[in-house]
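Participant: Please see the structure below; I have some questions.
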Amino acid sequence: MTPLIPSNPLTPSTPLTPSLTRRPSCTLLRHEHRVVGMYVHRPELPGAVAPRPYLHPVRTLGGVPVTGLRPAEDPAHLGVSMAIAEVAGWNFRGGPGRREHHGSQRHLSWLLRDPDGFVEELSWTAGGRQLLLERRTVAVRSLGTECWALDFTSALTNVTGEEIALGGAGQAGGFFWRVPRRPEPAHVFGADGEGEAAVHGRPADWLALATDDWTLVFVGATGDTRADPWWVRTGDHPGVGSALTWQRPLPLAPADTVTRRIVTAIADTHLTHRETARLAAHLSDKGAAV
């Protein structure tokens, strides 16, 4: 599957109500004939977690799970998802707060749906009003016998007719990948440093989480994505996010679209820094064609 990257503001291809096609609420993603991920596009979740589609479980080719779902310390962590703590005053991340101030992401339609990926339209809705229309592209990419990549693109269009703000002061939001908690924290390193303190809150072309069982290599696949800082935790709340919003709001004019693309390599082994850098260069638009 070739990812579709929209260059123009989106217009809905369907009415602003979820499609009524009778399909399962989950979509399986396959690498060749092997299931490597499940995408829940119509989740049944409480309003306090800002319901949204998510990927879980995601697995290595060897079958090891590399995502976590709704851990006790933070039930709003949903595998791999897009989550922004504030959009025009509404909470699309979930967590503490008044229930009526939580928004939700609703599946509208499939523009493409194959065994190795899909293109989907979603409505970001709160208070009975649609704030954002998202076109989301997710694709499985083959990288050999012990590694594959999840290619995730989100294009968010402001459909309110007025300028809105994504995020708020001191808040991070965007693509987020919750990893399972382990007795020993994962080793984190990036293009410019090693250890959580060296990579958290800073832009970098890529960063990696590595354990004895697996390595995840997160790559900013466009210049705008690489300019965003990474949110990284390896201890009690392990996960990695590419912060579309960080510290201050991101204004979005009427009909404007903001697009981000993260490609994550998922390996069945502990990759070295040199191996990781080579793989990241291949996955970025700065390296081989993608």
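The values are calculated or read from the model by the stated rules, or taken from the named source; none is laboratory data. Only a predicted model underlies this, so the values are computations on that prediction, with no experimental measurement involved. With ideal geometry, Cβ positions are generated from the backbone for all residues, glycine too; neighbour counts draw on all protein chains shown.
Participant: Being farther than 16 Å from Phe152 by Cα, among the polar types (S, T, N, Q) and modelled with pLDDT of 95 or more is the filter here, so list the residues in segment 258-290 that pass it.
Facilitator: Within segment 258-290, just Thr276 meets the criteria.
Participant: Which condition does Val87 not pass, out of (1) under 25 Å from Ala149 (Cα atoms); (2) crowded, with 24+ Cβ neighbours inside 10 Å, if it passes all the others?
Facilitator: The single condition Val87 does not satisfy is (1).
Participant: On to the next question. Determine whether segment 216-236 contains at least one residue that is modelled with pLDDT of 95 or more and over 19 Å from the mean Cα position of the chain (by Cα).
Facilitator: No, segment 216-236 has no match at all.
Participant: Could you tell me whether any residue of segment 181-190 is in contact (Cβ under 8 Å) with a residue 40 or more places away in the chain, in contact with a Leu (Cβ under 6 Å, 6 or more places away or on another chain) and in a loop (DSSP other than H, G, I, E, B)?
Facilitator: yes
Participant: What residue, of Gly117, Gly94, is closer than 27 Å to Val49 by Cα, crowded, with 17+ Cβ neighbours inside 10 Å and touching a helix residue (DSSP H, G or I) at 6+ places or on another chain (Cβ under 6 Å)? Give the steps one after another, and end with the answer.
Facilitator: Working: Gly117 fails: touching a helix residue (DSSP H, G or I) at 6+ places or on another chain (Cβ under 6 Å).
Criteria check complete, one pass: Gly94.
Participant: Give just the number: which of (1) modelled with pLDDT under 95; (2) out of contact with any strand residue (DSSP E or B) (no Cβ under 7 Å at 6 or more places or on another chain) does Arg93 not satisfy?
Facilitator: Arg93 satisfies every listed condition except (2).
Participant: Further question: Quick check on my filter: what residues within segment 193-218 are among the acidic types (Asp, Glu) and within 19 Å of Arg178 (Cβ to Cβ)? Write out each step before concluding.
Facilitator: The first filter runs over segment 193-218 and keeps only residues among the acidic types (Asp, Glu), leaving 194, 196, 205, 212-213.
Within segment 193-218, Glu196, Asp213 qualify.
Participant: Can you confirm whether Gly201 is of a type in the set (Gly, Ala, Ser), touching a helix residue (DSSP H, G or I) at 6+ places or on another chain (Cβ under 9 Å) and either surrounded by fewer than 18 Cβ atoms within 10 Å (Cβ to Cβ) or modelled with pLDDT of 95 or more (or both)?
Facilitator: Details: of a type in the set (Gly, Ala, Ser): yes; touching a helix residue (DSSP H, G or I) at 6+ places or on another chain (Cβ under 9 Å): no; either surrounded by fewer than 18 Cβ atoms within 10 Å (Cβ to Cβ) or modelled with pLDDT of 95 or more (or both): yes.
Taking the combined requirement at face value, the residue does not satisfy it.
Participant: List the pairs whose first member sits in segment 264-281 and is touching a residue at least 12 places away in the same chain (Cβ under 8 Å) and under 12 Å from Thr60 (Cβ atoms), whose second member is assigned to a helix (DSSP H, G or I) and among the small types (Gly, Ala, Ser), and whose Cβ atoms are under 9 Å apart, counting only residues at least 6 apart or on separate chains?
Facilitator: Going by the 9 Å Cβ cut-off, the qualifying pairs are Ala265/Ala280.
Participant: Between a residue in segment 32-44 that is free of Cβ contacts under 8 Å to residues at least 60 places away in the same chain and any residue that is surrounded by fewer than 17 Cβ atoms within 10 Å (Cβ to Cβ) and not acidic (Asp, Glu), which pairs come within a Cβ distance under 8 Å, given they are 6 or more apart or on different chains?
Facilitator: Here the result reads Val35/Leu28; Met38/Cys26; Met38/Leu28; Val40/Ser25; Val40/Cys26; Pro43/Ser25; Glu44/Ser25, each pair linking segment 32-44 to a residue that is surrounded by fewer than 17 Cβ atoms within 10 Å (Cβ to Cβ) and not acidic (Asp, Glu).
Participant: State whether one or more residues within segment 145-162 are closer than 26 Å to Asp285 by Cα, buried (at least 21 other Cβ atoms within 10 Å of the Cβ) and acidic (Asp, Glu).
Facilitator: Checked against the condition, which is being closer than 26 Å to Asp285 by Cα, buried (at least 21 other Cβ atoms within 10 Å of the Cβ) and acidic (Asp, Glu), segment 145-162 yields at least one hit.
Participant: Name, by its number, the condition in (1) surrounded by 16 or more Cβ atoms within 10 Å (Cβ to Cβ); (2) modelled with pLDDT under 95 that does not hold for Pro53.
Facilitator: In the conditions (1) surrounded by 16 or more Cβ atoms within 10 Å (Cβ to Cβ); (2) modelled with pLDDT under 95, Pro53 misses (2) alone.
Participant: Next question. Going residue by residue through segment 125-138, is there one that turns out to be among the small types (Gly, Ala, Ser), in contact (Cβ under 8 Å) with a residue 40 or more places away in the chain, touching a strand residue (DSSP E or B) at 6+ places or on another chain (Cβ under 9 Å) and surrounded by 17 or more Cβ atoms within 10 Å (Cβ to Cβ)?
Facilitator: As a first pass, look at segment 125-138 and keep what is among the small types (Gly, Ala, Ser): 126-128.
The next check asks that each one be in contact (Cβ under 8 Å) with a residue 40 or more places away in the chain; those that pass are none.
No - not one qualifying residue is present in segment 125-138.
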